[in-house]
Amino acid sequence: MMPYTFDNNAQGSVPQLSDVLGQEKSATIALDALVRSEQLMRALSGDSADFSQGLTLLLPTNDAFQKLDTVPEDLELVLKRHFVPHTVTVQEMEKGVTVRSYERLATLRFTHSQGKVFVQADHRAPAEVKGAGVHAGSGTYFLVDTLFV
């Protein structure tokens, strides 16, 4: 298996999510898990037919992991619930769009209340979607402080 890294766009082309995520210091635990998954790194690099309609990543922060008693064994499977295989805009989130995560592992329902956007994965408690998103060639990521286990 080819090792993956977050390379900050070494080739000088349009930055992909795999290039910009390495700068996200509040999500180092998730980033460490992502580099161990060839399938998810291909998606972040813009090199996956499964994400030909874009990619929206709800990136769990380190705080999301610290809320758990133990880290899930199959972290790749859990992280797939945070990947949406198409673009979801902030405007769509604010309007209350419902989407399916990668491989249809979770139903993600977005809501808007008191100026904030929230996402609910299946019947779990809603989590706040932080910020307006960080955009790159292969998609957009937003921070969430909940892991969809």
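The values are calculated or read from the model by the stated rules, or taken from the named source; none is laboratory data. Fair warning: this is a prediction, and the values are worked out from it, not measured in the lab. Note that we place each Cβ from the backbone using ideal geometry, even for glycine, and neighbour counts take in every protein chain shown. What goes into the accessible areas is simple: the full protein's heavy atoms, side chains included, and nothing from ligands, DNA or RNA. Shrake-Rupley method; radii C 1.70, N 1.55, O 1.52, S 1.80 Å.
Counted as qualifying within the stretch 70-142 are the strands (runs of 3 or more DSSP E) with 1 or more residues that are of a type in the set (Ser, Thr, Tyr) and either open to solvent by 60 Å² or more (accessible area, probe 1.4 Å) or closer than 19 Å to Leu34 by Cβ (or both), namely 98-100, 107-113. For the stretch 27-56, residues that are touching a Lys or Arg at 6+ places or on another chain (Cβ under 9 Å), in contact (Cβ under 8 Å) with a residue 24 or more places away in the chain and open to solvent by less than 70 Å² (accessible area, probe 1.4 Å) total 4.
For the stretch 9-26, filtered to residues that are small (Gly, Ala, Ser) and in a helix (DSSP H, G or I), the residue that is surrounded by the most Cβ atoms within 10 Å (Cβ to Cβ) is Ser18.
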